[in-house]
Amino acid sequence: MKLKRLMFAAPKSGSGKTMITCAFLQILKEMGVDVVSYKCGPDYIDPMFHEKVLGIPSKNLDTFFTGAEETKALFLKGRTSEQMAVLEGVMGLFDGLGGIREEGSSYHLAKVTRTPIILVIDAKGMGYSLLPLISGFLAYDTEHLIQGVILNRMSKSYYGTMKGLIEENLHIPVVGYVPEQKAFTLESRHLGLKLPGEVEDLKEKIKTAAKELKTTLAVEELMKIAEQAEALEAEQRIPSNLKQGEKPVLAVAKDEAFCFYYEDNLRLLEECGAELVYFSPLQDKKIPEGCHGILLGGGYPELYADALSANTEMMDSIRNAIQNGLPSVAECGGFMYLHQELTDCDGKTHQMVGVLPETCQYMGKLVRFGYIEIEEATSGFLPEHETIKGHEFHYFDSTGNGTSCIATKPVAGRQYACIRAGKNFWWGFPHLYYPSNPAFAIHFVEMARTYKMEKMNN
């Protein structure tokens, strides 16, 4: 497939690639381009940001989660040659697992997908030193994927001088600059999208940035670089060992409190035979009628704990259904919601669903962070001795994290117990990436199908 594409990456975090990516997406949208976006790595926020604020389809890609061939297949899945893809890198260009391995890095993703890279450099306070910095990145670019440079936080007058020096000495096109303006800064608080009114403000902020960057970026040149990306092919894989039969309904919690879902997780559940029906633990009074399984994803339950706690009808509905055998998966925020109590960042304690008798509380520091590989102590959701990959990032902890699985850090090799799991339930802090082992999704759907058949026969 000849899919037009490019990636915005940088030497380090905080270089401005998110703002430039969003403004460029807005420019393409205003030009009428059928554009889609991707975020390198496990972060949920940027894809949600692209979709909610910009209205552009977006999802994650991660070479640690799925390896080279499967990542390439997921990249092309559902795409056409009429579209253009914009990828946003993560951290520094070459920073992968543990900051020291290629796997999981922006560069590895670009290499796997043969995507041209635009290197975004924070040029504030720099002059000729930009040349050795850029030269070093070009020297490490063994695949010759870096096709252009953007200088962020640079004045118009100085840009002309530096553009000439860089292009003359390094033979790499400089495809624009971004003037330093406070209005162009996207802070982490913004990317959390915690306040409904903030979305409209962000839309205007991105439109303002896009209007400015139309004049400071070589948009047509960037489009040409994207068009020159080589054709890419990949075999689309269908999960094996799928059983035919009744189509079970999975109720998926999705609202402001539960919004962290990998798009490919949801699509895989559908490919395994499930019908997904969405509901809101904040607004609805009970889980959807006739559902045969429930998925409680991650998100911000601590920010909406008052409203969640006040919705006792919903909590009763979830608790009764699970206690009566409804198959369930709960990850991070969803896991917190199943506890007896949740103590928030202000020290206030809220009643939660109560499926678990333990409590969950804010610890004042990051408890777990980073990639993990998870193996069950007793095979259930996964075949014996197989693992599924995931990611953790939470400041809360539980008095009962569970011992059903062992998590292993892929670089350090450190291990620890986690997850409360049985034949038809899996609850814990880790966010899982189902395509890293489709057997997990297959098992969940099969448990829901079994539950449906039992209900039909009773």
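Numbers for the structure displayed
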{"item": "3J(HN,Hα) from dihedral phi, region 408-423, Karplus parametrisation 6.51/-1.76/1.60, rounded to Hz, x for glycine, proline", "result": "10, 6, x, 8, 6, x, 5, 10, 7, 7, 6, 6, 9, 9, x, 4"}
{"item": "Accessible solvent surface per residue of region 327-384, calculated while the other protein chains remain in place, 1.4 angstrom probe, Å²", "result": "40"}
{"item": "Sequence-distant aspartates and glutamates (8 or more away, or on other chains) whose Cα lies within less than 12 Å of Lys348", "result": "Glu302, Asp306"}
{"item": "Per residue solvent-accessible surface (Å²) - region 1-47, probe of 1.4 Å", "result": "25"}
{"item": "Cβ-based charge dipole, the chain, positive-most Cα from Gln361, Thr387, Thr66", "result": "Thr66"}
{"item": "Area of Phe137 that stays accessible when all protein chains are in place (1.4 Å probe, Å², to 10)", "result": "30"}
{"item": "Helix runs (DSSP H) in the chain reaching 15 Å along axis by Cα, Kyte-Doolittle at least 1.0", "result": "130-140"}
{"item": "Qualifying lysines (Cα of each under 18 Å from Cα of Lys247; at least 8 residues distant if same chain)", "result": "Lys452, Lys455"}
{"item": "Violating pairs (Cα-Cα greater than 22 angstrom) within the set Lys39/Lys389; Lys4/Lys203; Lys39/Lys111; Lys2/Lys214", "result": "Lys4/Lys203; Lys2/Lys214"}
{"item": "Whole-angstrom Cα spans of region 11-53 along principal axes, big to small", "result": "31, 20, 15"}
{"item": "Order by protection proxy (mean Cβ within 10 Å, highest first), peptides 77-87, 62-72", "result": "62-72, 77-87"}
{"item": "Which label in (i) 63, 51, 44; (ii) 74, 57, 43; (iii) 76, 47, 44 gives the computed Cα extents along the principal axes in Å", "result": "(iii)"}
{"item": "Nearest-0.05 FRET efficiency for Glu384 and Met126, computed from C-beta distance (R0 45 Å)", "result": "0.25"}
{"item": "Accessible surface of region 235-384, 1.4 Å probe, proportion on carbon and sulfur as whole %", "result": "45"}
{"item": "Average accessible surface area per residue within region 60-101, 1.4 Å rolling probe, Å²", "result": "31"}
{"item": "Of Pro173, Ile225, Ser280, farthest towards positive along the dipole that unit charges on Lys, Arg, Asp, Glu beta carbons give the chain", "result": "Pro173"}
{"item": "Size of charge dipole - the chain - debye, nearest 20, with Cβ of Lys, Arg +1 and Asp, Glu -1, no other charges", "result": "520"}
{"item": "Surface share of carbon and sulfur [accessible, 1.4 angstrom probe, percent] for region 79-181", "result": "53"}
{"item": "Theoretical ellipticity at 222 nm over the chain - DSSP helices of four or more residues, -39500 (n - 2.57) apiece, nearest 500", "result": "-10000 deg cm²/dmol"}
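The values are calculated or read from the model by the stated rules, or taken from the named source; none is laboratory data. Everything quoted here is computed from the prediction, not taken from an experiment. All Cβ positions, even for glycine, are placed from backbone atoms using ideal geometry, and neighbour counts span all protein chains on display. These accessible areas exclude ligands, DNA and RNA; they are computed on the full protein's heavy atoms, side chains included. Shrake-Rupley method; radii C 1.70, N 1.55, O 1.52, S 1.80 Å.
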